[in-house]
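This report concerns only the one structure given below.
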């Protein structure tokens, strides 16, 4: 982050940045704040550091926050296979080569840039080699090793360190609920299916959240389309393309599926972190290395498992994510298979009833 702060303080902004971190959410928030700092109508100067920042209140900042600013363009994985296609990159390149509509900069943000397919990566590389003036490209990824070295080498790299001990409250609540049920489940099949039901319930909420997000993005796209059409100079220079300002039903369906899969990946990754916590606890490493310290379910389950069992569960969950990420297997079948393979030890509840 110091690199960004120095760039803004000196007024020297690079043509391309690579933001890396452990999770997509914080990367998106930093990219949005960066765009606000560049395009704010009333930028605020921090006296101590001499850094210019967005005010978060002017029309430009509010439009960036809501995804409706005509000079800020976002692309994400939108196909069913969660890849970023060459058509998306070409459209982004076309936009940033146009002169800014309102601000001093054109900003393009590529979310989960590691999902660029080969053709899209090569198309992006051409833009990075000859970037237009007054444009900034920001690539976001939690897996920078999957990007082409030639792309990475043309970007200023900014690493976001994880905020230890401060997990997202919603994620923490979800993990705590799953962990509590897993720790009390034992080896019974009926109890395993309660875990499956809990996963399905949360994933259904994720699908509804994805539906709302895609609808919001589509509305923002339509608003941007109206703003661009309102610019007489640009209207003459760039004739309207078919479907501009909206998506076909097939594109909407693909966007919904991609957004849902992204959210599903985040949820399952949160659970994977907890399985790692159980394994680390069983090894006796202490809470300092845990993603979710303080969860009573973690030591409760760890003490019933061997190190091999705890590691087995971690690998089962990694396999579940890999299966859902790379194949079109039925989701319910994959979840059931993974949960039934978990080793949860003998539930402590029968012994408690016996003492009672």
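Kindly state, to the nearest 0.05, the FRET efficiency for residue 253 paired with residue 41, given R0 = 51 Å and r defined as their beta-carbon distance. Before the final figure, lay out the partial values.
On the way: r = 37 Å, r/R0 = 0.73.
The calculated FRET efficiency here is 0.85.
Starting from 0.36 nm per residue, how many nanometres of slack lie between residue 65 and residue 189 once their C-alpha separation is accounted for?
On the way: separation 124, 0.36 × 124 = 44.64 nm, distance 4.63 nm.
Gain on extension, residue 65 to residue 189, equals 40.0 nm.
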### Task
Take the Cα atoms of the stretch 104-188, find their three principal axes, and give me the spread along each one in whole Å, biggest first.
60, 30, 18
### Task
Give, in nm to one decimal, the length gained when the segment between residue 119 and residue 170 is fully stretched (0.36 nm per residue of separation minus the Cα-Cα distance).
14.7 nm
### Query
Which value in nm describes the separation of the simple spin-label points at residue 326 and residue 126, placed 7 Å from the Cα toward the beta carbon?
3.1 nm
### Task
Would you please give the FRET efficiency between residue 102 and residue 205, computed as 1/(1 + (r/R0)^6) with r the Cβ-Cβ distance and R0 = 45 Å, to the nearest 0.05?
0.80
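Can you give the FRET efficiency for residue 150 and residue 216, using 1/(1 + (r/R0)^6), R0 = 30 Å, r = Cβ-Cβ distance, to the nearest 0.05? It would help to have the intermediate numbers written out before the result.
Values: r = 34 Å, r/R0 = 1.15.
With R0 = 30 Å, the Cβ-Cβ based efficiency is 0.30.
For the stretch 2-159, what is the Kirkwood hydrodynamic radius in Å, using each pair of distinct C-alpha atoms?
Working: mean 1/r = 0.0635 Å⁻¹.
In the stretch 2-159 this quantity evaluates to 15.7 Å.
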### Task
Describe numerically, in nm with one decimal, the distance between label points set 7 Å from Cα along Cα→Cβ at residue 346 and at residue 296.
2.3 nm
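All of the numbers you see were taken from the coordinates with simple rules; none came from a lab. Just so you know, these numbers come straight off a predicted model, no measurement behind them. Ideal geometry is used to build each Cβ from the backbone, glycine not excepted, and the neighbour counts take in all protein chains shown.
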